[in-house]
Structures are given as structure tokens and as C-alpha cells.
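Since every read-out is calculated from the coordinates, none of them should be taken as a lab result. Since we're looking at a predicted model, the values are computed, not measured. We place every Cβ from the backbone using ideal geometry, glycine too, and count neighbours over all the protein chains shown.
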Amino acid sequence: MIKMIELPYPLDALEPYYSKQTLDLHYHILYKGYVDNTNKVQNQLKEARESNDFSHIKCLEKNLSFFGSGIILHELFFKNMGPAIPTSPSVSLMEQIQKDFGNYDQFKMQFTEAAKNVEASGWCLLVWEPRFEKLEILQCEKHQDLTLWGCIPLFVLDMWEHSYYLQYQTKRPEYIQAFWNIVNWNEVNKRFQKIK
Ligand code: MN
């Protein structure tokens, strides 16, 4: 059984960039829903195997991908945010960013534009792609569509409306701008170091 992770900071720790109310709903209702539903679908798959009844297999596999990816992305998201204390990319991550995006500003611009243009509900991700030995920025739709297989997410930004609408309404660019203030680069650096 999958258990929820604890938030690494109090609910109001990301204020004013990310409101307490948004984080409260995001963690206690939405994230919890993904955990509950993944456990449910794993039980349903077990029952299907035991009864040799795979009549709902397509739906179950789809739910596994959606709800399971929802857990993984939300946990990355919660952990790669933190109180607005200045942190920055490590020397090795910065070198990689410069190698793969030209410079930090170009990286930030590409990420910001990619996030702004995520279609409907989805995510923007900075990932390491081992096959290309390169950082890439990805747009993800829902929680599971549009990936590069094998990629390892370094940091992710939730572009579902539930992540910003209460506080920013339709102003996606303001939400993304605010996010840059609460990126916890220490966590991102740790993830990058593990890969290297
Ligand atoms: Mn979300």
C-alpha cells in the first residue's frame, strides 16, 4: 500500500508566492486522491489476476498510469518547492544548463514559455535524458502524456488550474513568475548529483 509523504514544510511556508489555502487543498484533497486511487486500482488489478477476469483491463491500466503518475509528479513538485530563501543551481548543474540551453536565462525563458503553453491540464518539467546525456524541458499533458522514456525529472511545475486558479485566476504567467521564487534548488541539485 502506498502512503502519502509528509510535506517538508508548513502549509503557509510558501506564502506569498503560493498560498496556504491552495497548498492545503492541493496536498490534503488532490494529492490524497491520487494516493487513494492508485491503491484502489492496484487492489482491482490484484482481484483481476486472482479471478482471471481481465474484462476491465484497459481501464485499469489507464487509471494506474494516470493516478500513479499523479502521485509521483506531486511528490516531486512539493519537494522541489520551499520557503523563499535564495538557493541556486550547483556548479555542475549550472554547467550542464549552460551546455544544453546556452545560458541560465535562455533555460529559464524556455521553461517559462513551455509552462505557459501547456495545453489544458498538465505539467512542465526539467528532466535529464540519459540516452541523450542532456537536460531537456518537457510539457506533460494530464500526468502521463508526452514523455521521453527513461528521463529523470529534476524539477516539475504543476500547470493544472487547481494549482494556481484560487490565487492567480487566469494569470498563468504571474503564477510561473512566482514559482521561480520558491524553487528549492538544493533539492534539485541533490537529484542531479544522484544522476551524475
Ligand atoms: Mn496538482
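Take every Cα pair under 8 Å whose residues are at least 6 apart in sequence, average their separation, divide by the length of region 1-147, and the relative contact order is 20 percent. Its convex hull of Cα atoms gives region 24-98 a direction-averaged projected area, equal to a quarter of the hull surface, of 7.7 nm². GNM on the chain, alpha-carbon springs under 10 angstrom: the most fluctuating residue among L154, L138, L45 is L45.
Using the Cβ of S88 as centre and a radius below 14 Å, the other residues enclosed give a net charge of -1, where K and R count +1 and D and E count -1. Amide H contacts of T87 (H built 1.01 Å from N, in plane; Pro and chain starts excluded): W185 sit under 5 Å, all sequence-distant by 5 or more or on other chains.
The HN-Hα couplings worked out from phi for region 176-181 by the Karplus form 6.51 cos²θ - 1.76 cosθ + 1.60 (θ = phi - 60°) are 5, 4, 5, 4, 4, 6 Hz, whole numbers, x standing for Gly and Pro.
To make sure I understand, if each residue's beta carbon is the centre and we count other beta carbons within 10 Å, what order do C124, C151 fall in, fewest to most?
C151, C124
Diffusion of region 1-147 by Stokes-Einstein, at 37 °C in a medium of 0.692 mPa s and with Rh set to the Kirkwood radius over alpha-carbon pairs, works out to 186 µm²/s. Charged neighbours of T22, selected by a Cβ distance under 12 Å, balance to -4 (K, R count +1; D, E count -1). In order along region 153-165, the phi-based Karplus estimate (6.51 cos²θ - 1.76 cosθ + 1.60, θ = phi - 60°) of 3J(HN,Hα) comes to x, 9, 8, 9, 10, 6, 9, 6, 4, 4, 7, 9, 5 Hz; Gly and Pro are listed as x.
Sorting the segments 97-110, 171-184 by their mean number of nearby beta carbons within 10 angstrom, highest to lowest, gives 171-184, 97-110. Per-residue 3J(HN,Hα) values for region 4-17, derived from phi via the Karplus relation 6.51 cos²θ - 1.76 cosθ + 1.60 with θ = phi - 60°, read 5, 7, 7, 5, x, 7, x, 4, 9, 5, 9, 4, x, 6 Hz in sequence order (x marks Gly and Pro).
Net charge in the neighbourhood of I71 (other residues with Cβ under 12 Å of its Cβ; Lys, Arg +1, Asp, Glu -1) is 0. Straight-line cross-link partners of K134 among the lysines, defined as a Cα under 20 Å from its Cα and at least 8 positions apart when in the same chain: K99, K108, K190, K194, K196.
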